[in-house]
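Notes for the one structure printed next.
Computed from the coordinates by the stated procedures, all read-outs in this text should not be read as laboratory data. Please read these numbers as outputs of a predicted model, since none were measured by experiment. A quick note on method: Cβ atoms are made from the backbone with ideal geometry, for glycine too, and the neighbour counts reach across all protein chains shown.
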Amino acid sequence: MSASAAADASTTCKPWTREDIAARAARDIPEGFYVNIGIGIPVLVANYVPAEREVIIHSENGILGMGPEPEPEAINRWLINASKKYVTLRPGGAYMHHADSFAIIRGGHLDLCVLGAFQVAENGDFANWSMSDTDMPSVGGAMDLAVGAKQVWVLMEHTTKTGESRLLRRCTYPLTAVGAVKRIYTNLAVIDVTADGFAVRDMAPGLTFEALQDVTDAPLRMAN
Amino acid sequence: MIDKIVHSMAEAMAGIRDGSVVLIGGFGSIGQPNALIDGLIEQGAKDLTVVANNAGVGHTGLARLMEVGRVRKIVCSYPRTSDPVVFEGLYRAGRIELEVMPQGTMAERMRAAGAGIPAFYTPTSVGTKLAEGKEVREFAGRQYVLEEAFFGDVALIEAWEADRWGNLTYRSSARNFNPVMAMAAKLTIAQAQHIVDLGVLDPEKIGTPGIFVNRVVHVPYGEPTVT
């Protein structure tokens, strides 16, 4: 990507904010789904599921039926999410210990998990736990979620802070899982991972396909 | 009469040896038995291998145990949590060994240890660096990695209520790793906010039956303040 292409993309379009990305993904989650949300942008999804829609959110630390952030006066100090932030429990919610929580995850009981990532490849491989041999690797529950949930969506910025594409032909960081990702929500686009690579479903307001391709290392096509 | 309640921290920590594998409950600082960790620091055991989901927050609890130099190695899923100042310094200086384990694999390895299952196959980590060197086997067309049971010499856990038989209840998401760690160790020590008479706990709500617990200490510290 050239610097001028990046400048064009940023001046002509209004990228989605982190909240927009989370809200967009939340809108796309069907009624009745059991969904795990990971740390990073995904954790915001809990705040945007429409109140009238029964989506049951699971948190790896043993919560099924997690609700949004509490009002300050209603904090339960024993109730946190995967990002260690205070949350609430919806009526009908349940607590479980870690082995049961990961039986839910690994056992194929979740319809969807929504994770953050450093990189996603066009074959669905993704990387979100380690950037090199010298950093502090932190895998958390990501490897369990990636193989256990029926579908994996990734929510992330489209490029790194220095402008490099996070959507690649092949991941360069150590993998979290092989061929796991089905859909990506970024600040620039909503993209499906298909047998034929990345297919663009939606783009941020004002962004052209060409400008999006310019900031994306792997080839894109418009979804049918 | 069976009475697992001990009345001093010294009694609670008696017999913990240098080089022990110590399982420490909690997710961040919620459900982390900070009073027991302080007791372990006081007791003096060193060269420890600690198993915990995170690598300590701030300068208290697990972070303090590392800061005073008692931990040789930490096994955890997510060291890069909020404010891991102590661990980060030790890690960068090469003064602590880190083994990263997928969180569900960690939980299941301890559950297996407590349940008499020596090893199991899991789909988690197939095709990644964390599966390197491990046996991979195919079942019904899908690949799985062999993981072995993980035992602790000691488990330090936090409960909400306890009775003298060692039955425990938990509060909200503070349950987390505590029940599986209680199962997986030779010596399980629990701190509880409330001690109640035998028969008071609703049997339907006991999170850890007393058979998995060896010692209970009353630590009514109130509300956790840090996550």
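Residues in the range B:148-169: is at least one more than 7 Å from chain A (Cβ to nearest Cβ), aromatic (Phe, Trp, Tyr), surrounded by 15 or more Cβ atoms within 10 Å (Cβ to Cβ) and within 30 Å of A:Gly179 (Cα to Cα)? Within the range B:148-169, one or more residues are more than 7 Å from chain A (Cβ to nearest Cβ), aromatic (Phe, Trp, Tyr), surrounded by 15 or more Cβ atoms within 10 Å (Cβ to Cβ) and within 30 Å of A:Gly179 (Cα to Cα). Give me the residue from the range B:96-126 that is over 16 Å from the mean Cα position of the chain (by Cα), more than 8 Å from chain A (Cβ to nearest Cβ) and within 20 Å of B:Asn54 (Cβ to Cβ) and, out of that set, surrounded by the most Cβ atoms within 10 Å (Cβ to Cβ). Restricting to residues being over 16 Å from the mean Cα position of the chain (by Cα), more than 8 Å from chain A (Cβ to nearest Cβ) and within 20 Å of B:Asn54 (Cβ to Cβ), the top hit is B:Ile96.
Looking across the range B:58-80, just one residue is under 17 Å from the mean Cα position of the chain (by Cα), facing chain A (nearest Cβ under 8 Å) and surrounded by fewer than 24 Cβ atoms within 10 Å (Cβ to Cβ), and that is B:Pro79.
Reported count of residues in the range B:127-137, each being of a type in the set (D, E, K, R) and either more than 14 Å from chain A (Cβ to nearest Cβ) or in contact with an Asp or Glu (Cβ under 8 Å, 6 or more places away or on another chain) (or both), is 3. In summary, strands (runs of 3 or more DSSP E) completely within the range A:28-121 and bearing 3 or more residues that are buried (at least 23 other Cβ atoms within 10 Å of the Cβ) and either more than 13 Å from chain B (Cβ to nearest Cβ) or not charged (D, E, K, R) (or both) occur at A:34-37, A:56-59, A:112-115, A:119-121. Cβ-Cβ contacts under 6 Å between residues 6 or more apart (or on different chains), taken from a first residue in the range A:198-214 that is charged (D, E, K, R) to a second residue that is buried (at least 20 other Cβ atoms within 10 Å of the Cβ), are listed as A:Arg201/A:Val190; A:Asp202/A:Val190. Note on the range B:181-208: residues that are farther than 24 Å from B:Gly39 by Cβ, within 14 Å of chain A (Cβ to nearest Cβ) and assigned to a loop (DSSP other than H, G, I, E, B) amount to 1.
Considering only residues in the range B:182-205 that are β-branched (Val, Ile, Thr) and surrounded by fewer than 18 Cβ atoms within 10 Å (Cβ to Cβ), the one that is nearest to the chain's Cα centre (by Cα) turns out to be B:Ile195. A single member of B:Glu67, B:Glu42, B:Glu108, B:Glu99 is among the acidic types (Asp, Glu), touching a residue at least 12 places away in the same chain (Cβ under 8 Å) and out of contact with any helix residue (DSSP H, G or I) (no Cβ under 8 Å at 6 or more places or on another chain), and it is B:Glu99.
Considered as a group, the residues in the range A:143-167 that are of a type in the set (Ser, Thr, Tyr) and in a loop (DSSP other than H, G, I, E, B) include one that is nearest to the chain's Cα centre (by Cα), and that residue is A:Thr160. Residues of the range A:135-181 that are hydroxyl-bearing (Ser, Thr, Tyr), more than 14 Å from chain B (Cβ to nearest Cβ) and within 15 Å of A:Gly116 (Cβ to Cβ): A:Thr159, A:Thr160.
Quick check on the range B:3-13. Is at least one of its residues surrounded by fewer than 16 Cβ atoms within 10 Å (Cβ to Cβ), touching a Phe, Trp or Tyr at 6+ places or on another chain (Cβ under 9 Å) and within 28 Å of B:Leu198 (Cβ to Cβ)? Looking through the range B:3-13, at least one residue is surrounded by fewer than 16 Cβ atoms within 10 Å (Cβ to Cβ), touching a Phe, Trp or Tyr at 6+ places or on another chain (Cβ under 9 Å) and within 28 Å of B:Leu198 (Cβ to Cβ).
Failed condition for B:Ala93, given (1) of a type in the set (A, V, I, L, M); (2) loosely packed, with under 15 Cβ neighbours inside 10 Å; (3) within 20 Å of B:Ala182 (Cβ to Cβ), with all others met? Of (1) of a type in the set (A, V, I, L, M); (2) loosely packed, with under 15 Cβ neighbours inside 10 Å; (3) within 20 Å of B:Ala182 (Cβ to Cβ), only one is false for B:Ala93: (3).
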